[in-house]
Every structure is written in C-alpha cells, then in structure tokens.
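The values are calculated or read from the model by the stated rules, or taken from the named source; none is laboratory data. Predicted model only: the values in this text are computed from it and were never measured. Cβ atoms come from the backbone with ideal geometry, glycine included; neighbour counts cover every protein chain shown.
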Amino acid sequence: MPHSNSDLLARNRIVGEIVVCLAMAEYEAVVALAPGSPVSPAQIKAAIEEYGRKLVPLPPEAYELIDYVAIAQSEPPSWSVVVPLFTQQEGRSDLSLELRLMKLATASYEVSVDGLHAL
C-alpha cells in the first residue's frame with residue numbers, strides 16, 4: 001500500500017520531535033508525545049545515561065536512515081520504526097530508538113516508544 005510523501009513527512013516530523021526531546025533530556029515530554037509507551041521516563045533516562053554520550057537532534061541526512069516497516073493488515077495503518085540516534089561524540093551512534101506509529105483519522109499519529117537499544 002503506497003503512502004504519500006506528506007505521510008512520510010508527517011511521520012518524520014513526530015519522530016524528529018521525540019528525538020529533540022531525548023537530546024534535551026526532556027524524558028517526561030517524550031512520554032507526553034508517546035502516551036501509550038511501555039517504557040517510563042526513568043527507563044528512557046537510564047538507557048541514555050548508561051550509553052554515556054550526549055544525544056543530539058537528528059541531522060537532515062538521518063531521516064533517510066529511519067526504518068519504517070508497515071505492520072501487515074493493521075487497521076488503522078501502523079509502522080514499527082527504528083531510528084538511528086546521533087551523539088555529539090560519535091555522530092551516528094550504536095544507539096537506536098524503537099517506536100510504533102499508528103495513523104489516526106485526524107491525519108496525526110499515535111506514538112509509543114518501545115525502547116532504546118545499543119546495536
């Protein structure tokens with residue numbers, strides 16, 4: 001099922017907002033943007049602190065690296081998403097953000113943060 005470029009831009013926008021909150025250490029804001037998340041602000045903070053480097057917002061080229069996998073036969077349309085994260089120290093890091101996005105009738109997205117993982 002093809003999706004329009006505006007769908008991709010809308011998905012990228014919400015993903016980018018979440019990464020900005022992570023980079024600013026605003027973990028409560030992450031969960032506010034993704035209220036259905038199974039992880040808590042404290043768990044997100046612990047994962048980033050354990051990684052030990054300073055996250056930065058996604059550079060423009062990072063948006064092409066986001067892996068959106070459509071969840072088969074999901075209604076409404078949903079995606080499993082893996083976002084490579086970037087740090088001040090490394091540029092592209094071994095840390096990735098795992099999300100689930102579900103398209104809502106309002107043309108917005110419901111987001112859940114499923115985890116942060118080092119590769």
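The table below lists the values:
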| quantity | calculated |
| --- | --- |
| Counted residues, region 71-94 - those being touching a strand residue (DSSP E or B) at 6+ places or on another chain (Cβ under 6 Å), of a type in the set (S, T, N, Q) and more than 18 Å from residue 117 (Cβ to Cβ) | 2 |
| Near pairs, Cβ below 8 angstrom, 6+ apart or cross-chain, from region 69-86 (over 28 Å from residue 56 (Cβ atoms) and touching a residue at least 40 places away in the same chain (Cβ under 8 Å)) to any residue that is assigned to a strand (DSSP E or B) and hydroxyl-bearing (Ser, Thr, Tyr) | 70/78 |
| Residue count for region 66-75, restricted to those that are more than 12 Å from the chain's Cα centre (by Cα) and surrounded by 13 or more Cβ atoms within 10 Å (Cβ to Cβ) | 2 |
| Cross-chain or 6+ apart pairs with Cβ under 6 Å, region 52-67 first and part of a loop (DSSP other than H, G, I, E, B), then modelled with pLDDT of 95 or more and surrounded by 12 or more Cβ atoms within 10 Å (Cβ to Cβ) | 53/87; 54/87; 57/19; 57/20; 57/23; 58/16; 58/19; 66/83 |
| Residue match in region 103-113 (condition: free of Cβ contacts under 8 Å to residues at least 24 places away in the same chain and over 14 Å from the mean Cα position of the chain (by Cα)) | yes |
| Qualifying residue in region 42-53 (condition: under 18 Å from residue 109 (Cβ atoms) and either at pLDDT below 95 or in contact with a Lys or Arg (Cβ under 9 Å, 6 or more places away or on another chain) (or both)) | no |
